[in-house]
Every structure is written in structure tokens, then in C-alpha cells.
1. Lys/Arg Cβ at +1, Asp/Glu Cβ at -1, dipole of the chain taken about the Cα centre: which of Gly169, Gly43, Pro58 is farthest positive-ward?
2. For Ile176 and Asp26, FRET efficiency with R0 = 45 Å and r from the beta-carbon atoms, rounded to 0.05?
3. Which ³J(HN,Hα) values in Hz, rounded to whole numbers, follow from the phi angles of the range 30-40 under the Karplus curve 6.51 cos²θ - 1.76 cosθ + 1.60, where θ = phi - 60° and Gly and Pro get x?
4. Which whole number in µm²/s is D for the chain by Stokes-Einstein, with the Kirkwood Rh taken over Cα pairs at 25 °C and 0.890 mPa s?
5. Convert each backbone phi in the range 264-276 into a coupling constant with the Karplus relation 6.51 cos²θ - 1.76 cosθ + 1.60 (shift: θ = phi - 60°), then list the ³J(HN,Hα) values in order as whole Hz, x for Gly and Pro.
6. Treating the angle as unsigned and between 0 and 90°, give the value, to the nearest 10°, between the Cα long axis of helix 97-107 and the longest Cα principal axis of the chain.
7. Express the Stokes-Einstein translational diffusion coefficient of the range 1-131 in µm² s⁻¹, to the nearest whole number, given a Kirkwood radius over alpha-carbon pairs, 25 °C and a viscosity of 0.890 mPa s.
8. Can you give the charge dipole size of the range 136-287 about its Cα centre, rounded to the nearest 20 debye, using +1 on the beta carbon of Lys and Arg and -1 on the beta carbon of Asp and Glu?
Amino acid sequence: MNEEWPAIEVEGLTHTYKGGHTALSDVSLSCGTGVFGLLGPNGAGKSTLMRILCTLIPPATGSVRVCGFDVTTDRQSVRENLGYLPQEFGAWRLHRVEEVLDTLARLSGMHDKQARHARVDEVLEQVGLAETRDRKVKKLSGGMLRRLGVAQALVHEPKVIIVDEPTVGLDPEERIRFRRVMADLGRDRTILLSTHIVADLGAACREVALLDTGTIVYQGPPAELVRRAAGAVFEISAEGDAIESLEAQYDIVSTNFFGNTVTLRGVSAEGLPEGAAPVAEPSLEEAYMAFMAARGRSSAARQDEEPAPTPKKGRRKKGARA
């Protein structure tokens, strides 16, 4: 990779689907070495951006480059430098872990058998699957399957790895393990991690970008986002009907019960509720919610805007009535 270029460089990207829905609007984004988080609610445009970066769909307008290669005119070069872990990674269930990784390595262009086997061994050790190399994929836990997904994204030694919603369905131990793997990989390559779970980013995240309704509304260090939340995150104790009133008026992050009393932590863009104390050190999740609330984007409002899932079209059987 030419170090003069950011590993990922997006300028003025707009993408509109057939039917008129604009998923991305004038998006500009730049990522160098390290772990970068792409945050945003469901429907914000994260998956569309991931698919464009991975050359799965062409951008409508704007410039998108990975390791200096244009995703439209240099698709093969982009793919050689990029590893992708989609939200749902499904390998061959009846094959062994080592078989799957060896096959994918061969398909990626690693034809030297000895070098390929050495690389497979190295990657399995790196993601903690060396002891399960002979296990069939269908026997893997959800966390192991995600680690196999990381392994297949790594096997051809890409300079950029794109990960889409990596920890959905994982238990807390596997989520922590996954974050450690990402932090280690980010030391000498670019990791772009797309998620709506803020805690997935962890302390290793160098920068975050917030995507909302198809637009980048913030890019910078997580610490700066936390600093901006000062005075907007509160803690308050309440009982009875006061609890429901607070939950109706504010975005509540956490609730702790102490007998009949409940301690709530929440965010507010228009002053704290009476009797509330400001939180001195907000979490990144609280800072994210405070930022969105300041934009008039409460969690309730975002939920109301979520598009209903499109029903799958099944093939009508012969003789079936409409």
C-alpha cells in the first residue's frame, strides 16, 4: 500500500437505489492504519457503504478508493487488498475448519501448497481456532464461526479488513475475545468495523464516524465525542409513576433497582430533569446517544423511522390461489 494514500478514501459519495431511496448522501470518509468504527442506527446506510467499499455494488456518484485503487475501475486490485467479514458468514457446514480456510486461500490466489498451508496454520493460531482445525463447521459455536469468518478475511494478508455487525448473537466472553482480535489486527492494517452496538468498538478504536440518514455527521476520536456529551448525561433516582414519566421524556441508557427505588442513567439535549445529577465521565454509548439526541434524533424517533422489513417473495405453487 502506498503510504501517501489513506487506506480508505471516500469523497462525495451519493447512492440512490431504484425507486428513489437515497441510502447515502455526499459521504466523505478517510481511514488510515488502526481500528475505525462506523456507527449508526439501523437503516442509516452503513451496509450500503460497506457493499460499495467491497465492490459488491458500484457507487452512483463520487469517488471511492481502497489502498489507492478505484472501486469501479480497479475492482480486482481492491479485492486483492481487502478482506470482508459480512454480517452473516456461512461456510460449508459439512467441511472441516481447515478445509474451508485452505479452499478460500486457494481461491484468493495462493497456489503454492506449502506457503498456503503455513499461512492457514498462522491464521488459525491468530484467531484461536488452531485446536478446532479438524472440527466440522456445523459443530462450531457462534463465536467460533465468527472467528472463522475473521480467518477467511485474513488469509490472503489484506491491508484493509471490513467487518459488518460482527458480534450480533455472541455471548459476552466471545464479544470481548473478538474485540481483542480486532485490536491486535489493527496494529498494522486498517479495520473498518460497522456496527450499531457502540460497546463493540472498545478502547482500541482510533476514530469513529457517525452515519445518520445516509450522511456522515461526525468523524473524530471517541474521546472528543465523549467530551461533547458533558452536561447532557444524567443520573437520577425515582419511584413509582416518576419512573415511567422519565422513561417517556428522556432516552434512558440503564436502569438499576435498589428495593423500591430505581436509579436511571439517561441523556437529554434540553436540560436535565429536576433532581438529576450530571454524570462526570459518560461512556461512549451515552455520548453517542447524547449526540443523536442533540440532533433531534431520540431513540424513539429513530425507531419510528425504521423501515418495515420487506416481505420475502415466495414462489407460488401451481394451482395456488392469489
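The values are calculated or read from the model by the stated rules, or taken from the named source; none is laboratory data. No experiment lies behind these values; they were computed from the predicted model shown. When we count neighbours, we look across all protein chains shown, and the Cβ atoms used for this are built from the backbone with ideal geometry, even at glycine. These area figures cover heavy atoms from the full protein model, side chains too; ligands, DNA and RNA do not enter into them. Shrake-Rupley method; radii C 1.70, N 1.55, O 1.52, S 1.80 Å.
1. Pro58
2. Numbers: r = 37 Å, r/R0 = 0.81.
The value I calculate is 0.75.
3. 9, 9, x, 5, x, 9, 10, x, 10, 9, x
4. Working: Rh = 21.8 Å.
After rounding, the answer is 113 µm²/s.
5. These are the phi-based 3J(HN,Hα) values: 10, 10, x, 10, 8, 8, 10, x, 7, x, 4, x, 8 Hz.
6. The angle comes out near 70 degrees.
7. Working: Rh = 16.9 Å.
Answer, rounded: 145 µm²/s.
8. On the way: 16 positive and 23 negative charges, 267 e Å.
Result for the range 136-287 is approximately 1280 debye, rounded to the nearest 20.
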